[in-house]
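Right, one structure below, let's go through it.
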Amino acid sequence: MRIAFFDSKQYDKDSFNEKNKSLGYEIQYYNGHLNVHNAMLAQNADVVCVFVNDILNREVIQILANLGVKLIALRCAGFNNVDLAAAKEFGLKVVRVPAYSPYAVAEHTVALMMALNRKIPRATWRTRDGNFSLNGLLGFDMHGKTAGIIGTGRIARILINILQGFGMNILAYDIFPNEEYAKEHNVKYTDLDTLYKNSDIISLHCPLTPETKYIIDYDAVKKMKKGVMLINTSRGQLVNTEAVIEGLKDKKIGHAGLDVYEEEAHYFFKDRSDKIIGDDVLARLLSFNNVIVTSHQAFFTKEALDNISDTTLGNIKDFIEGKTLTNEVK
Ligand code: NAD
């Protein structure tokens, strides 16, 4: 069994090589994102193993099918980068890792909230420079404030639990509201307009779909409470970044914490510190002192990496052995 592994980093290799010791699959690691120009590297492979920014559009899938690839093994939860209709048309199965550590993402979401609210990065730079003044570091009590959570799946429910520990009230919006869960956990489902109007912090936890693309646009920002904190640890294209920049400039948005960015594929997961940032929107975003951008790292814990390699190789093993694919994306 040969696996062409795209967008690989040293930590992926370490984790997959360790788990593969007992399986003995032949894994060929490639650094680049899978795209139409390098799809030929999957020659002789039965499986391609891919991550969030690999491109699996119709053209790429057709090339993979012609090369004899039979399985697309996503080592992530989201599958918005795969043309599922094309995969079906060309007879490729798609599997994913539905939940490798919802705790990792929920906890990073809280880290962004706390770091923004209490201005931890600024405070750190200051004290290192011998500046012990508190001017400009004023935060707010999370206790008693309202968090508006969009999408109430695995990650959101862990986040809600943590935020309730702070004494926050929870408003939620989900296309499939679970009233039983809401009743049991003191969560109030509402429509988006009410959530925007009443939330001190808004956090996104729905998948990227045609319906959720730019769910946060100019209109949504207009409806938010003045000074709102916006957090996105889900997918970059949920947010129209230019609308958020406008919101930051006119102080409608008081803080933004972004672990994902709509054009992240060109920058995230790479060291580009010796180059200038050619993306003006990203550069503008990074210029605000009330914005924190992290490089799609919410998932990045030891436990999550272990679960990712375990589940991905398990998915591949099930496929080889002709077993039911419990993590198939259809
Ligand atoms: P999940 O499937 O458990 O929950 C998603 C929720 O969103 C569900 O309750 C669903 O009903 C809801 N939803 C679907 N469409 C919606 C819509 N149009 N409007 C409102 N709600 C909608 O997913 P999860 O495991 O909680 O993950 C959420 C997202 O987090 C993933 O889709 C992925 O994009 C992102 N993620 C990010 C990282 C990271 O490192 N930053 C890691 C893992 C997952």
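Shown here for region 217-282: trypsin sites (Lys or Arg not before Pro) in loop regions (DSSP other than H, G, I, E, B) with at most 14 other Cβ atoms within 10 Å, namely 226, 251, 270, 272, 275. Taking the Cα atoms only, what angle lies between the long axis of helix 10-20 and the longest principal axis of the chain, rounded to 10 degrees? On a 0 to 90 degree scale, this one is about 50. Straight Cα distances below 19 angstrom link residue 21 to the lysines 9, 13, 302, 317, with same-chain residues fewer than 8 positions distant left out. Restricting region 16-101 to trypsin sites (Lys or Arg not before Pro) that sit in a DSSP loop and have at most 14 other Cβ atoms within 10 Å of their own Cβ leaves 21. Roughly how many percent of the accessible protein surface of region 224-299 is carbon and sulfur, given a 1.4 Å probe and a whole-percent answer? With neighbouring chains kept in place, the figure for region 224-299 is 49 percent. Applying 0.36 nm per residue to the separation of residue 99 and residue 138 and subtracting their alpha-carbon distance, the gain on full extension is 10.4 nm. Working from label points 7 Å from Cα in the Cα-to-Cβ sense, the residue 28 to residue 246 distance is 4.8 nm. Residues whose amide H lies under 5 Å from that of residue 76, counting only those 5 or more places away or on a different chain, are 97; hydrogens are built 1.01 Å from N in the peptide plane. Within a straight-line Cα-Cα reach of under 20 Å, residue 223 can be paired with the following lysines, leaving aside sequence neighbours fewer than 8 residues apart in one chain: 145, 188, 197, 213, 249, 251, 252. The label-point distance for residue 290 and residue 217, in a model that sets each label 7 Å from Cα toward Cβ, rounds to 2.5 nm. Size check on the chain: the Cα extents along the three principal axes, sorted descending, read 60, 51, 36 Å. Placing +1 on each Lys and Arg Cβ and -1 on each Asp and Glu Cβ, with no other charges, gives the chain a dipole about its Cα centre of roughly 640 debye. Across the chain, the mean sequence separation of Cα contacts (distance under 8 Å, 6 or more residues apart), normalised by length, yields a relative contact order of 16 percent. Picking from 165, 210, 220, whose Cα lies most toward the positive end of the charge dipole for region 160-237 (charges on Cβ: Lys, Arg +1; Asp, Glu -1)? Of the listed residues, the answer is 220.
How far, in degrees from 0 to 90, does helix 154-165 lean away from the longest principal axis of the Cα atoms of the chain, to the nearest 10? Approximately 30 degrees, to the nearest 10. Among the protein heavy atoms of region 8-79, carbon and sulfur supply 49% of the accessible surface, probe 1.4 Å, non-protein parts ignored.
The values are calculated or read from the model by the stated rules, or taken from the named source; none is laboratory data. Note that this is a predicted model, so its numbers are computed, not measured. Every residue, glycine as well, gets a Cβ built from its backbone with ideal geometry; the counts of neighbours run over all protein chains shown. Ligands, DNA and RNA are excluded from the accessible area calculation, which covers all protein heavy atoms including side chains. Shrake-Rupley method; radii C 1.70, N 1.55, O 1.52, S 1.80 Å.
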